[in-house]
Amino acid sequence: MLHKQMIEDYAKLFPYLALEDVYKFVSLTTTRHLKAQEIYIDYNSNSKKFAYVQQGMIRSYYMQTDGQEKTVLLRWESQFFASYQTVFENIPSQQIFQALEDCDLLELDYHKLEEFINQNPKFEKARLAILQKMLIGTLKRVESFILETPEERYLNLVAEQPEIYNRVPSKYIASYLGITPVSLSRIRKRIVEKRKS
């Protein structure tokens, strides 16, 4: 059975498609349930799946040579993610994608999508919309490291996902923001003090 919220999200994303075409597009997907801490895409995986988060929180990270994990992506409800290197460059994933909570995903195999679009060219615009949405998200993240302070990045993240602190360990939030856990603690303390004054 197709998820009602997901149908509504896709209909908003593809306003130029009739509802029956939205159902056709979504019918290409398969469902996947992940347990908390389960790895979805492992290092060196050749997975060419796009995933849509129906429920839950996904983290993507690099394992650095010193054994430290560098969180580079957090995705939650109504968001897409994929191993871009694998999908677009055919390079095994250099990142690890992990469920931070129990997750319900909708998977879309990129090979299957290409075959479908070759037979149904009118859906090419839908594929481009997904790619554009993902690209814009990536560009905004890069820009945030150039144009914003760590505190501004933190405030924007909280504005976008108010429950982030209840859903993601602080060490992953700090890594995602490009700061240490100690710096994150100071930022949070400073924000609380500003609100009190």
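Being among the hydrophobic types (A, V, I, L, M, F, W, C), open to solvent by 50 Å² or more (accessible area, probe 1.4 Å) and at pLDDT below 90 is a condition met by no residue of the range 50-66.
Scanning the range 13-35 for residues that are of a type in the set (D, E, K, R) and farther than 21 Å from GLY56 by Cα yields GLU20, ASP21, LYS24. When each of GLU77, GLU107, GLU124 is tested for being in contact with a Lys or Arg (Cβ under 9 Å, 6 or more places away or on another chain) and not aliphatic (A, V, I, L, M), the lone residue that passes is GLU107.
Could you list, ordered by first residue, the pairs with Cβ atoms under 6 Å in which the first is in the range 177-192 and open to solvent by less than 30 Å² (accessible area, probe 1.4 Å) and the second is of a type in the set (Lys, Arg), at least 6 apart or interchain? That search, which allows pairs on different chains as well, returns LEU177/ARG153.
Looking at the range 25-37 only, could you name the residues that are of a type outside the set (A, V, I, L, M) and surrounded by 14 or more Cβ atoms within 10 Å (Cβ to Cβ)?
PHE25, THR29, ARG32
Search the range 145-163 for residues being in contact (Cβ under 8 Å) with a residue 12 or more places away in the chain and within 26 Å of GLN55 (Cβ to Cβ), and hand back the single one that is surrounded by the most Cβ atoms within 10 Å (Cβ to Cβ). That would be TYR154. Can you name the residue in the range 99-126 that is in contact with a helix residue (DSSP H, G or I) (Cβ under 8 Å, 6 or more places away or on another chain), open to solvent by 40 Å² or more (accessible area, probe 1.4 Å) and assigned to a helix (DSSP H, G or I) and is also modelled with the lowest pLDDT among such residues? Of everything passing the filter in the range 99-126, LYS122 is modelled with the lowest pLDDT. Could you please let me know if LEU135 is farther than 20 Å from VAL87 by Cα and under 17 Å from the mean Cα position of the chain (by Cα)? Taking the combined requirement at face value, the residue does not satisfy it.
The values are calculated or read from the model by the stated rules, or taken from the named source; none is laboratory data. Since the model is a prediction, treat every value here as computed from it, not as a measurement. Heads up, the Cβs are rebuilt from the backbone with ideal geometry, glycines too, and the neighbour counts pull from every protein chain shown. Remember, those area values only see protein heavy atoms, side chains included, never the ligands or the DNA or RNA. Shrake-Rupley method; radii C 1.70, N 1.55, O 1.52, S 1.80 Å.
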